[in-house]
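Here is the structure we will look at, set down as C-alpha coordinates.
The values are calculated or read from the model by the stated rules, or taken from the named source; none is laboratory data. Bear in mind the structure is a predicted one, so any value in this text is a computation, not a measurement. When we count neighbours, we look across all protein chains shown, and the Cβ atoms used for this are built from the backbone with ideal geometry, even at glycine.
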Amino acid sequence: MEPLELAVASSELRDRLQALDVRSCLGCGACASGCPIPGTPGMEGFDPRVAVRLIAMGREAEVAASAFPWVCTSCGRCSHVCPMGIDLTAVFSLLRGLVPRSKVPGTLEKGVSSVLETGNTLAIPLEDFLDTLSDIGGELAEEECPGFYVPVDQPGADLLVFLNSKEVFGDFDDLKWWWRIFYNAREHWTVPSRNWEAEDWGLFTGNPDVSLVLARRKLDLMRSLGAARLLIPDCGGGSYGCRMGLKTCALEDPSHQVDSQYFYDYLLGLIDSGRIRLDPTRNAGRTFVWHDACKHGRELERHFGKGYYDEPRAILAHCVGAQNVVAMTPDRANNYCCGAGGGNWPMPFEKESAAHGRFKVAQLEACRADVVVVGCANCRDQLQKRLPRFFPGRCNYEVKYLWQLVAETMIATPWTPAEVEAATERSRLQHQHFEAELDGGF
(Lines give C-alpha, C1' and ligand atoms only; values in the text may rest on other atoms or scores of the structure.)
Protein backbone atom coordinates (compact mmCIF):
# COMPACT_ATOMS: atom_id res chain seq x y z
CA MET A 1 0.00 0.00 0.00
CA GLU A 2 1.47 3.33 -1.05
CA PRO A 3 1.68 6.12 1.53
CA LEU A 4 -1.03 8.76 1.15
CA GLU A 5 -0.34 12.46 1.51
CA LEU A 6 -3.22 13.59 3.70
CA ALA A 7 -5.24 16.65 2.78
CA VAL A 8 -5.17 17.94 6.37
CA ALA A 9 -2.14 18.52 8.58
CA SER A 10 -1.41 15.60 10.89
CA SER A 11 -1.76 17.72 14.04
CA GLU A 12 -5.20 18.91 12.98
CA LEU A 13 -6.17 15.33 12.14
CA ARG A 14 -5.17 14.12 15.58
CA ASP A 15 -7.09 16.94 17.26
CA ARG A 16 -10.27 16.07 15.39
CA LEU A 17 -9.88 12.35 16.02
CA GLN A 18 -9.14 13.01 19.68
CA ALA A 19 -12.41 14.92 19.94
CA LEU A 20 -14.16 11.73 18.77
CA ASP A 21 -12.42 9.80 21.58
CA VAL A 22 -11.03 7.05 19.34
CA ARG A 23 -8.46 6.04 21.96
CA SER A 24 -11.23 4.92 24.32
CA CYS A 25 -11.76 1.87 22.07
CA LEU A 26 -11.61 -1.37 24.07
CA GLY A 27 -10.85 -3.52 21.05
CA CYS A 28 -13.84 -5.72 21.91
CA GLY A 29 -14.91 -6.20 18.29
CA ALA A 30 -18.63 -5.47 18.81
CA CYS A 31 -18.45 -3.01 15.90
CA ALA A 32 -17.06 -5.68 13.55
CA SER A 33 -19.75 -8.17 14.52
CA GLY A 34 -22.45 -5.87 13.20
CA CYS A 35 -20.61 -4.63 10.11
CA PRO A 36 -21.13 -6.02 6.58
CA ILE A 37 -17.52 -5.39 5.54
CA PRO A 38 -16.02 -8.57 7.08
CA GLY A 39 -16.53 -11.22 4.44
CA THR A 40 -16.75 -8.71 1.61
CA PRO A 41 -14.44 -9.70 -1.28
CA GLY A 42 -11.45 -7.40 -1.55
CA MET A 43 -11.77 -6.14 2.02
CA GLU A 44 -9.90 -8.95 3.74
CA GLY A 45 -8.08 -7.74 6.85
CA PHE A 46 -10.26 -4.67 7.34
CA ASP A 47 -13.20 -4.09 9.63
CA PRO A 48 -14.18 -1.23 11.99
CA ARG A 49 -12.17 -2.64 14.91
CA VAL A 50 -8.99 -2.90 12.84
CA ALA A 51 -9.52 0.58 11.41
CA VAL A 52 -10.03 2.16 14.82
CA ARG A 53 -7.02 0.42 16.33
CA LEU A 54 -4.83 1.64 13.47
CA ILE A 55 -6.10 5.19 13.94
CA ALA A 56 -5.49 4.99 17.69
CA MET A 57 -1.89 3.98 16.97
CA GLY A 58 -1.36 6.98 14.70
CA ARG A 59 -1.56 4.93 11.49
CA GLU A 60 -4.56 6.79 10.10
CA ALA A 61 -2.83 7.29 6.73
CA GLU A 62 -2.99 3.54 6.13
CA VAL A 63 -6.73 3.50 6.65
CA ALA A 64 -7.31 6.63 4.58
CA ALA A 65 -5.26 5.18 1.71
CA SER A 66 -7.36 2.01 1.64
CA ALA A 67 -10.81 1.49 0.16
CA PHE A 68 -12.26 1.05 3.66
CA PRO A 69 -13.56 4.61 4.27
CA TRP A 70 -15.39 4.52 0.92
CA VAL A 71 -16.70 0.96 1.00
CA CYS A 72 -18.10 1.70 4.47
CA THR A 73 -21.78 2.54 3.94
CA SER A 74 -21.93 4.83 7.00
CA CYS A 75 -24.83 2.69 8.19
CA GLY A 76 -24.02 3.29 11.86
CA ARG A 77 -24.43 -0.29 13.08
CA CYS A 78 -20.90 -0.09 14.51
CA SER A 79 -21.65 3.07 16.48
CA HIS A 80 -24.98 1.65 17.60
CA VAL A 81 -23.35 -1.28 19.42
CA CYS A 82 -20.10 0.37 20.61
CA PRO A 83 -19.99 0.01 24.43
CA MET A 84 -17.87 3.16 24.68
CA GLY A 85 -20.25 5.24 22.57
CA ILE A 86 -17.63 6.17 19.95
CA ASP A 87 -19.20 7.79 16.92
CA LEU A 88 -17.44 5.50 14.47
CA THR A 89 -19.52 6.68 11.52
CA ALA A 90 -18.17 10.19 12.07
CA VAL A 91 -14.62 8.84 12.41
CA PHE A 92 -14.76 7.07 9.07
CA SER A 93 -16.42 10.07 7.41
CA LEU A 94 -13.53 12.18 8.73
CA LEU A 95 -11.10 9.85 6.98
CA ARG A 96 -12.92 10.48 3.69
CA GLY A 97 -12.48 14.19 4.22
CA LEU A 98 -8.73 13.78 4.66
CA VAL A 99 -8.27 12.25 1.23
CA PRO A 100 -7.15 14.75 -1.44
CA ARG A 101 -10.13 15.71 -3.60
CA SER A 102 -8.40 14.34 -6.69
CA LYS A 103 -8.39 10.91 -5.04
CA VAL A 104 -12.11 10.79 -4.25
CA PRO A 105 -13.42 7.73 -6.12
CA GLY A 106 -15.97 7.81 -8.91
CA THR A 107 -18.11 10.84 -9.71
CA LEU A 108 -18.70 12.04 -6.16
CA GLU A 109 -16.34 15.01 -6.24
CA LYS A 110 -17.61 15.98 -9.70
CA GLY A 111 -21.12 15.99 -8.25
CA VAL A 112 -19.99 18.19 -5.37
CA SER A 113 -18.38 20.65 -7.78
CA SER A 114 -21.55 20.67 -9.89
CA VAL A 115 -23.89 21.37 -7.00
CA LEU A 116 -21.69 24.18 -5.71
CA GLU A 117 -21.44 25.73 -9.17
CA THR A 118 -24.89 25.09 -10.63
CA GLY A 119 -27.15 24.29 -7.69
CA ASN A 120 -27.70 20.65 -8.57
CA THR A 121 -25.55 17.52 -8.69
CA LEU A 122 -25.99 16.81 -12.41
CA ALA A 123 -25.48 20.42 -13.58
CA ILE A 124 -28.93 20.60 -15.19
CA PRO A 125 -29.39 24.08 -16.71
CA LEU A 126 -32.28 26.26 -15.55
CA GLU A 127 -34.01 26.09 -18.93
CA ASP A 128 -33.89 22.27 -19.00
CA PHE A 129 -35.11 22.13 -15.40
CA LEU A 130 -38.11 24.32 -16.13
CA ASP A 131 -38.87 22.46 -19.35
CA THR A 132 -38.90 19.15 -17.48
CA LEU A 133 -41.24 20.42 -14.78
CA SER A 134 -43.53 21.90 -17.41
CA ASP A 135 -43.59 18.77 -19.58
CA ILE A 136 -43.97 16.18 -16.81
CA GLY A 137 -46.43 18.37 -14.93
CA GLY A 138 -48.43 18.76 -18.14
CA GLU A 139 -48.49 14.99 -18.58
CA LEU A 140 -49.89 14.56 -15.07
CA ALA A 141 -52.54 17.21 -15.72
CA GLU A 142 -53.66 15.38 -18.85
CA GLU A 143 -53.54 11.93 -17.26
CA GLU A 144 -55.46 12.47 -14.05
CA CYS A 145 -54.96 15.86 -12.37
CA PRO A 146 -56.68 18.63 -14.39
CA GLY A 147 -55.20 22.04 -13.61
CA PHE A 148 -51.99 20.63 -12.17
CA TYR A 149 -48.71 22.47 -12.68
CA VAL A 150 -45.47 22.66 -10.70
CA PRO A 151 -45.32 25.97 -8.81
CA VAL A 152 -41.83 27.46 -9.03
CA ASP A 153 -40.62 30.27 -6.76
CA GLN A 154 -44.15 30.88 -5.49
CA PRO A 155 -43.94 33.32 -2.54
CA GLY A 156 -45.62 32.50 0.75
CA ALA A 157 -46.00 28.74 0.14
CA ASP A 158 -46.79 26.49 3.08
CA LEU A 159 -44.22 23.93 1.92
CA LEU A 160 -40.84 24.34 0.19
CA VAL A 161 -39.86 21.17 -1.67
CA PHE A 162 -36.47 20.12 -3.06
CA LEU A 163 -35.95 17.62 -5.88
CA ASN A 164 -33.54 14.77 -6.57
CA SER A 165 -31.56 15.58 -9.71
CA LYS A 166 -31.65 11.99 -10.98
CA GLU A 167 -35.44 12.25 -11.17
CA VAL A 168 -35.28 15.59 -12.95
CA PHE A 169 -32.65 14.16 -15.30
CA GLY A 170 -34.44 10.97 -16.29
CA ASP A 171 -36.58 9.21 -13.67
CA PHE A 172 -39.51 11.42 -14.63
CA ASP A 173 -42.33 9.17 -13.44
CA ASP A 174 -40.90 9.20 -9.91
CA LEU A 175 -41.62 12.92 -9.74
CA LYS A 176 -45.34 12.30 -10.15
CA TRP A 177 -45.91 10.38 -6.92
CA TRP A 178 -45.39 13.38 -4.70
CA TRP A 179 -47.15 15.66 -7.17
CA ARG A 180 -50.28 13.50 -7.05
CA ILE A 181 -50.29 13.76 -3.26
CA PHE A 182 -49.83 17.54 -3.28
CA TYR A 183 -52.63 17.85 -5.85
CA ASN A 184 -55.19 15.80 -3.93
CA ALA A 185 -54.23 17.36 -0.59
CA ARG A 186 -54.56 20.79 -2.22
CA GLU A 187 -51.17 21.67 -0.81
CA HIS A 188 -49.82 25.21 -1.15
CA TRP A 189 -46.30 24.21 -2.16
CA THR A 190 -43.43 25.35 -4.34
CA VAL A 191 -39.99 24.34 -5.60
CA PRO A 192 -37.14 26.81 -6.05
CA SER A 193 -35.85 27.56 -9.54
CA ARG A 194 -32.24 27.50 -8.34
CA ASN A 195 -30.34 25.50 -5.71
CA TRP A 196 -33.15 22.94 -5.78
CA GLU A 197 -30.98 19.83 -5.23
CA ALA A 198 -32.19 17.47 -2.50
CA GLU A 199 -29.12 15.21 -2.42
CA ASP A 200 -26.06 16.03 -0.31
CA TRP A 201 -22.90 14.57 -1.80
CA GLY A 202 -20.86 16.65 0.64
CA LEU A 203 -21.90 14.02 3.18
CA PHE A 204 -20.67 11.26 0.86
CA THR A 205 -17.28 12.90 0.29
CA GLY A 206 -16.63 13.63 3.96
CA ASN A 207 -16.91 17.38 3.42
CA PRO A 208 -19.15 18.96 6.10
CA ASP A 209 -18.41 22.42 4.68
CA VAL A 210 -20.37 21.48 1.57
CA SER A 211 -23.29 20.24 3.66
CA LEU A 212 -23.22 23.56 5.47
CA VAL A 213 -23.29 25.52 2.19
CA LEU A 214 -26.27 23.50 0.99
CA ALA A 215 -28.11 24.04 4.28
CA ARG A 216 -27.45 27.79 4.14
CA ARG A 217 -28.85 27.88 0.64
CA LYS A 218 -32.04 26.23 1.87
CA LEU A 219 -32.26 28.79 4.68
CA ASP A 220 -31.83 31.63 2.19
CA LEU A 221 -34.57 30.20 -0.03
CA MET A 222 -36.93 29.83 2.93
CA ARG A 223 -36.45 33.50 3.71
CA SER A 224 -36.49 34.89 0.18
CA LEU A 225 -39.63 32.95 -0.76
CA GLY A 226 -41.31 33.39 2.60
CA ALA A 227 -42.08 29.67 2.86
CA ALA A 228 -43.65 28.42 6.08
CA ARG A 229 -42.04 24.95 6.24
CA LEU A 230 -39.16 23.09 4.62
CA LEU A 231 -39.88 19.49 3.64
CA ILE A 232 -36.73 17.58 4.59
CA PRO A 233 -35.52 15.70 1.46
CA ASP A 234 -36.47 12.03 1.44
CA CYS A 235 -33.18 10.36 0.45
CA GLY A 236 -31.26 9.09 3.49
CA GLY A 237 -28.08 11.03 2.75
CA GLY A 238 -29.96 14.12 1.58
CA SER A 239 -32.18 14.22 4.66
CA TYR A 240 -29.39 13.51 7.14
CA GLY A 241 -26.98 15.99 5.54
CA CYS A 242 -29.71 18.62 5.45
CA ARG A 243 -30.58 18.04 9.09
CA MET A 244 -26.93 18.20 10.19
CA GLY A 245 -26.34 21.34 8.14
CA LEU A 246 -29.43 23.06 9.55
CA LYS A 247 -28.30 22.11 13.07
CA THR A 248 -24.91 23.74 12.49
CA CYS A 249 -26.58 26.87 11.08
CA ALA A 250 -28.78 27.15 14.16
CA LEU A 251 -25.80 26.69 16.48
CA GLU A 252 -23.96 29.49 14.65
CA ASP A 253 -26.95 31.81 14.90
CA PRO A 254 -30.18 30.87 16.71
CA SER A 255 -32.12 33.16 14.35
CA HIS A 256 -31.26 30.72 11.54
CA GLN A 257 -33.69 28.08 12.79
CA VAL A 258 -36.47 27.19 10.38
CA ASP A 259 -39.64 25.13 10.60
CA SER A 260 -38.84 21.84 8.88
CA GLN A 261 -40.73 18.58 8.63
CA TYR A 262 -39.82 15.03 7.71
CA PHE A 263 -41.95 13.47 5.00
CA TYR A 264 -43.06 10.74 7.42
CA ASP A 265 -44.67 13.32 9.69
CA TYR A 266 -46.08 15.15 6.69
CA LEU A 267 -47.72 12.07 5.15
CA LEU A 268 -49.07 10.83 8.47
CA GLY A 269 -50.51 14.30 9.09
CA LEU A 270 -52.30 14.28 5.74
CA ILE A 271 -53.80 10.87 6.46
CA ASP A 272 -54.81 11.52 10.08
CA SER A 273 -56.35 14.91 9.23
CA GLY A 274 -58.35 13.49 6.34
CA ARG A 275 -56.72 15.72 3.73
CA ILE A 276 -56.13 12.57 1.73
CA ARG A 277 -58.13 9.35 1.90
CA LEU A 278 -56.82 5.86 1.22
CA ASP A 279 -58.37 2.64 -0.03
CA PRO A 280 -56.31 -0.26 1.38
CA THR A 281 -58.41 -2.83 -0.51
CA ARG A 282 -56.40 -1.92 -3.60
CA ASN A 283 -53.46 -3.76 -2.04
CA ALA A 284 -55.34 -6.86 -0.91
CA GLY A 285 -53.74 -10.27 -1.43
CA ARG A 286 -50.14 -9.11 -1.11
CA THR A 287 -47.74 -8.81 1.82
CA PHE A 288 -45.60 -5.75 2.49
CA VAL A 289 -42.49 -5.10 4.59
CA TRP A 290 -40.88 -1.83 5.66
CA HIS A 291 -37.13 -1.39 5.20
CA ASP A 292 -35.61 0.86 7.88
CA ALA A 293 -33.12 3.18 6.17
CA CYS A 294 -29.96 3.74 8.20
CA LYS A 295 -30.03 7.55 8.07
CA HIS A 296 -33.75 7.71 8.87
CA GLY A 297 -33.45 5.32 11.80
CA ARG A 298 -30.47 4.64 14.04
CA GLU A 299 -28.33 7.56 12.80
CA LEU A 300 -31.12 10.07 13.43
CA GLU A 301 -31.81 8.43 16.76
CA ARG A 302 -28.16 8.72 17.73
CA HIS A 303 -27.68 12.35 16.77
CA PHE A 304 -31.15 13.85 17.21
CA GLY A 305 -32.80 11.58 19.75
CA LYS A 306 -35.48 10.22 17.43
CA GLY A 307 -35.43 7.68 14.64
CA TYR A 308 -38.36 7.15 12.28
CA TYR A 309 -39.58 3.64 13.03
CA ASP A 310 -43.23 3.91 14.04
CA GLU A 311 -44.40 6.57 11.59
CA PRO A 312 -43.60 4.70 8.35
CA ARG A 313 -45.14 1.53 9.75
CA ALA A 314 -48.30 3.44 10.64
CA ILE A 315 -48.49 4.86 7.11
CA LEU A 316 -47.90 1.42 5.65
CA ALA A 317 -50.70 -0.05 7.76
CA HIS A 318 -53.04 2.71 6.57
CA CYS A 319 -52.19 1.81 2.97
CA VAL A 320 -52.38 -1.97 3.04
CA GLY A 321 -53.99 -3.01 6.32
CA ALA A 322 -51.98 -4.13 9.33
CA GLN A 323 -52.78 -7.77 8.59
CA ASN A 324 -50.80 -7.56 5.34
CA VAL A 325 -47.62 -6.17 6.92
CA VAL A 326 -44.77 -8.54 7.80
CA ALA A 327 -41.46 -7.78 9.52
CA MET A 328 -37.79 -8.34 8.76
CA THR A 329 -35.46 -9.78 11.35
CA PRO A 330 -33.69 -7.81 12.66
CA ASP A 331 -35.38 -4.48 12.05
CA ARG A 332 -35.65 -0.94 13.39
CA ALA A 333 -32.32 0.18 14.91
CA ASN A 334 -30.76 -3.24 14.30
CA ASN A 335 -31.75 -3.47 10.64
CA TYR A 336 -29.09 -4.23 8.04
CA CYS A 337 -28.04 -1.65 5.47
CA CYS A 338 -29.10 -2.36 1.89
CA GLY A 339 -25.48 -1.77 0.82
CA ALA A 340 -25.94 1.49 -1.07
CA GLY A 341 -25.44 3.92 1.81
CA GLY A 342 -22.63 6.42 2.14
CA GLY A 343 -22.60 7.09 -1.60
CA ASN A 344 -22.07 3.44 -2.53
CA TRP A 345 -24.79 3.58 -5.16
CA PRO A 346 -22.87 5.94 -7.52
CA MET A 347 -19.34 4.94 -6.43
CA PRO A 348 -17.22 2.41 -8.38
CA PHE A 349 -17.46 -0.29 -5.68
CA GLU A 350 -20.41 -2.15 -7.10
CA LYS A 351 -19.24 -5.66 -6.14
CA GLU A 352 -18.50 -4.58 -2.59
CA SER A 353 -21.83 -2.78 -2.33
CA ALA A 354 -23.68 -5.85 -3.56
CA ALA A 355 -21.76 -8.02 -1.08
CA HIS A 356 -22.93 -5.74 1.73
CA GLY A 357 -26.46 -6.40 0.53
CA ARG A 358 -26.18 -10.14 1.11
CA PHE A 359 -27.67 -9.70 4.57
CA LYS A 360 -30.60 -7.75 3.16
CA VAL A 361 -31.27 -10.42 0.56
CA ALA A 362 -31.34 -13.07 3.30
CA GLN A 363 -33.70 -10.94 5.40
CA LEU A 364 -36.13 -10.52 2.52
CA GLU A 365 -36.02 -14.20 1.64
CA ALA A 366 -36.88 -15.07 5.23
CA CYS A 367 -39.83 -12.68 5.57
CA ARG A 368 -41.15 -13.58 2.09
CA ALA A 369 -42.79 -10.20 1.48
CA ASP A 370 -44.23 -9.51 -1.96
CA VAL A 371 -43.38 -5.80 -1.75
CA VAL A 372 -40.51 -3.99 -0.02
CA VAL A 373 -41.43 -0.41 0.89
CA VAL A 374 -38.62 2.13 1.26
CA GLY A 375 -38.10 5.79 2.10
CA CYS A 376 -34.78 6.40 0.34
CA ALA A 377 -33.86 6.66 -3.35
CA ASN A 378 -30.54 4.84 -2.99
CA CYS A 379 -32.20 2.02 -1.05
CA ARG A 380 -34.81 1.71 -3.80
CA ASP A 381 -32.21 1.55 -6.58
CA GLN A 382 -30.05 -0.95 -4.69
CA LEU A 383 -32.94 -3.29 -3.90
CA GLN A 384 -34.56 -2.95 -7.30
CA LYS A 385 -31.60 -2.83 -9.67
CA ARG A 386 -28.29 -3.98 -8.18
CA LEU A 387 -29.13 -6.84 -5.82
CA PRO A 388 -31.25 -8.77 -8.36
CA ARG A 389 -28.26 -8.74 -10.74
CA PHE A 390 -25.84 -10.07 -8.13
CA PHE A 391 -28.28 -12.49 -6.50
CA PRO A 392 -30.29 -13.87 -9.43
CA GLY A 393 -33.36 -15.86 -8.49
CA ARG A 394 -33.30 -14.71 -4.86
CA CYS A 395 -34.83 -11.23 -5.11
CA ASN A 396 -38.45 -12.18 -5.65
CA TYR A 397 -40.02 -8.95 -4.53
CA GLU A 398 -41.26 -5.62 -5.87
CA VAL A 399 -39.92 -2.33 -4.51
CA LYS A 400 -42.02 0.78 -3.90
CA TYR A 401 -41.41 4.16 -2.34
CA LEU A 402 -43.64 4.84 0.66
CA TRP A 403 -45.04 7.94 -1.05
CA GLN A 404 -45.58 5.91 -4.22
CA LEU A 405 -47.68 3.45 -2.24
CA VAL A 406 -49.64 6.35 -0.71
CA ALA A 407 -50.24 7.87 -4.15
CA GLU A 408 -51.37 4.54 -5.59
CA THR A 409 -53.69 3.86 -2.64
CA MET A 410 -55.10 7.40 -2.48
CA ILE A 411 -58.71 8.07 -3.44
CA ALA A 412 -58.80 10.90 -5.98
CA THR A 413 -60.55 14.10 -4.91
CA PRO A 414 -61.06 16.05 -8.18
CA TRP A 415 -60.68 19.79 -8.25
CA THR A 416 -63.70 21.95 -8.93
CA PRO A 417 -63.88 23.83 -12.25
CA ALA A 418 -63.10 27.03 -10.35
CA GLU A 419 -59.96 25.48 -8.83
CA VAL A 420 -58.81 24.24 -12.24
CA GLU A 421 -59.40 27.65 -13.80
CA ALA A 422 -57.49 29.47 -11.05
CA ALA A 423 -54.54 27.06 -11.28
CA THR A 424 -54.45 27.34 -15.07
CA GLU A 425 -54.18 31.10 -14.77
CA ARG A 426 -51.37 30.84 -12.21
CA SER A 427 -49.56 28.45 -14.53
CA ARG A 428 -49.92 30.88 -17.42
CA LEU A 429 -48.47 33.74 -15.39
CA GLN A 430 -45.58 31.58 -14.19
CA HIS A 431 -44.81 30.50 -17.75
CA GLN A 432 -44.89 34.11 -18.86
CA HIS A 433 -42.51 35.14 -16.07
CA PHE A 434 -39.85 32.53 -16.84
CA GLU A 435 -40.24 32.96 -20.58
CA ALA A 436 -39.31 36.60 -20.14
CA GLU A 437 -36.44 35.70 -17.80
CA LEU A 438 -34.98 33.21 -20.25
CA ASP A 439 -35.68 35.35 -23.28
CA GLY A 440 -38.12 32.91 -24.82
CA GLY A 441 -36.28 29.73 -23.81
CA PHE A 442 -38.98 28.24 -21.57
(request) Name the residue, out of Arg282, Arg302, Arg286, Arg313, that is farther than 25 Å from Asp158 by Cα and at pLDDT below 95. (result) Arg302
(message) Among (1) assigned by TED's automatic domain parsing to the domain that holds Pro146; (2) under 29 Å from Trp415 (Cα atoms), there is one condition Lys218 misses while meeting the rest; what is its number?
(response) (2)
(message) Within the range 266-322, take every residue that is of a type in the set (Lys, Arg) and surrounded by 16 or more Cβ atoms within 10 Å (Cβ to Cβ) and give me the one that is nearest to the chain's Cα centre (by Cα).
(response) Lys295
(request) Report those helices (runs of 4 or more DSSP H) wholly inside the range 90-208 carrying at least 2 residues which are surrounded by fewer than 18 Cβ atoms within 10 Å (Cβ to Cβ). (result) 108-118, 126-143, 172-185
(request) Would you check if Thr329 is in a loop (DSSP other than H, G, I, E, B) and either among the aromatic types (Phe, Trp, Tyr) or over 19 Å from the mean Cα position of the chain (by Cα) (or both)? (result) yes
(request) Working only within the range 226-255, note down all residues that are part of a helix (DSSP H, G or I) and surrounded by 17 or more Cβ atoms within 10 Å (Cβ to Cβ). (result) Gly236, Gly237, Gly238, Ser239, Tyr240, Gly241, Cys242, Arg243, Met244, Gly245, Leu246, Cys249
(request) Would you point out which residue out of Pro36, Pro41 is in a loop (DSSP other than H, G, I, E, B) and crowded, with 18+ Cβ neighbours inside 10 Å? (result) Pro36
(message) Give all pairs with beta carbons closer than 8 Å in which a residue from the range 404-432 that is under 27 Å from Trp290 (Cα atoms) meets a residue that is at pLDDT 95 or above and in a loop (DSSP other than H, G, I, E, B); count only pairs at least 6 apart in sequence or on separate chains.
(response) Val406/Ile276; Thr409/Asp279; Met410/Ile276; Met410/Asp279; Ile411/Ile276; Ile411/Asp279; Ala412/Glu144
(message) Can you say whether Ser79 is among the hydroxyl-bearing types (Ser, Thr, Tyr) and either in the same structural domain as Trp345 (by TED's automatic domain parsing) or not in a helix (DSSP H, G or I) (or both), as far as the supplied structure shows?
(response) no
(message) Any residue that is part of a helix (DSSP H, G or I), small (Gly, Ala, Ser) and at pLDDT 95 or above - is there at least one of those in the range 387-406?
(response) no
(message) Looking only at the range 351-372, how many residues end up being exposed (fewer than 15 other Cβ atoms within 10 Å of the Cβ), in a helix (DSSP H, G or I) and of a type outside the set (A, V, I, L, M, F, W, C)?
(response) 2
(request) Find the residue count for the range 18-45, including only residues that are closer than 19 Å to Gly97 by Cβ and free of Cβ contacts under 8 Å to residues at least 40 places away in the same chain. (result) 2
